[in-house]
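Contents: one structure, followed by commentary.
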Amino acid sequence: MMVVVDPGSTNVGRPGADGLPVGGVYANSYDDIRYAFDTCERLRLGPALAIYEPGFLQTTLAYHRADRLPAGSMVKLYFGGEWGMYATARGVTFGLSPTANALLAYLDMLEGTGLPWSVSVWGGDLMQTPVARLALERGGHLHVGLEEHFDPERKPTNAELVDEAVKLCASVGRPVATPAETAELLGLP
């Protein structure tokens, strides 16, 4: 079984009446993060690590270097789409944009760790970015679904998003894992 762990903090918001960002801080202290990882270890849960900003990954890597990252960890690289977390208007987002260079920066950070990772775009359309194909070509995985997808011009169903991901996997020679294969790949407790 997996649970979400957010190993960091970031500003999240939307455009105010004047177009400038308004909102707040989504905060997870180091004490909160330690508690979440300790809980994962105690309950034998694999953490799905939501990486909203590079600092989230720095914290994750500190736990990895200390050999304290719980079994079954999955690094989920979240890119900020043009519509942001709230999908109310363009221009206020978080983290890195869904570009090849942004993914390569994350992959530089992950180099040599062996940690499994996936990509998604919050407030955008992963399948319409270069990140989806590049992730598969570099050994990553896709995280698709209506929760993070937003495109005012394109309104696919969840099934359509999954079908697009399956087709892209096939086009780069990457088989889609079954749930059992996924649990084995992640080393879930």
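The values are calculated or read from the model by the stated rules, or taken from the named source; none is laboratory data. Note that the coordinates shown come from a computational prediction; the quantities given were computed from them, not determined experimentally. Positions of Cβ are generated from backbone atoms using ideal geometry, with glycine treated the same way; all protein chains shown enter the neighbour counts. For accessibility, only protein heavy atoms count, side chains too; no ligands or nucleic acids. Shrake-Rupley method; radii C 1.70, N 1.55, O 1.52, S 1.80 Å.
If a residue must be open to solvent by less than 70 Å² (accessible area, probe 1.4 Å), without any contact (Cβ under 8 Å) to a residue 24 or more places away in the chain, in a loop (DSSP other than H, G, I, E, B) and of a type in the set (A, V, I, L, M), how many such residues does region 112-170 contain? Number of matching residues: 0. Does TYR63 meet the test of being crowded, with 20+ Cβ neighbours inside 10 Å and of a type outside the set (A, V, I, L, M, F, W, C)? No; evaluated as a whole, the condition is false for this residue.
Scanning region 1-16 for residues that are out of contact with any Leu (no Cβ under 6 Å at 6 or more places or on another chain), under 16 Å from TYR35 (Cα atoms) and β-branched (Val, Ile, Thr) returns a single hit, VAL4. In contact (Cβ under 8 Å) with a residue 24 or more places away in the chain and surrounded by fewer than 22 Cβ atoms within 10 Å (Cβ to Cβ), is that true of ALA87? Here the answer is yes, as ALA87 does meet what is asked. Just for region 109-126: of the residues that are of a type outside the set (Asp, Glu) and either over 15 Å from the mean Cα position of the chain (by Cα) or at pLDDT below 95 (or both), which one is nearest to VAL4 (Cα to Cα)? By that ranking, first place goes to TRP122. One residue alone among PHE79, PHE94 is open to solvent by less than 20 Å² (accessible area, probe 1.4 Å) and touching a Pro at 6+ places or on another chain (Cβ under 6 Å), and that residue is PHE79. Which numbered condition in (1) at pLDDT below 90; (2) over 20 Å from the mean Cα position of the chain (by Cα) is the only one that PHE94 fails? Every condition holds for PHE94 apart from (2).
Quick check on region 93-101. Is at least one of its residues part of a strand (DSSP E or B) and over 26 Å from LEU20 (Cα atoms)? Checked against the condition, which is being part of a strand (DSSP E or B) and over 26 Å from LEU20 (Cα atoms), region 93-101 yields no hits at all. The strands (runs of 3 or more DSSP E) falling completely within region 1-77 that include 1 or more residues that are closer than 26 Å to LEU126 by Cα, in contact with a helix residue (DSSP H, G or I) (Cβ under 9 Å, 6 or more places away or on another chain) and touching a residue at least 60 places away in the same chain (Cβ under 8 Å) map to 2-5, 10-15, 46-51.
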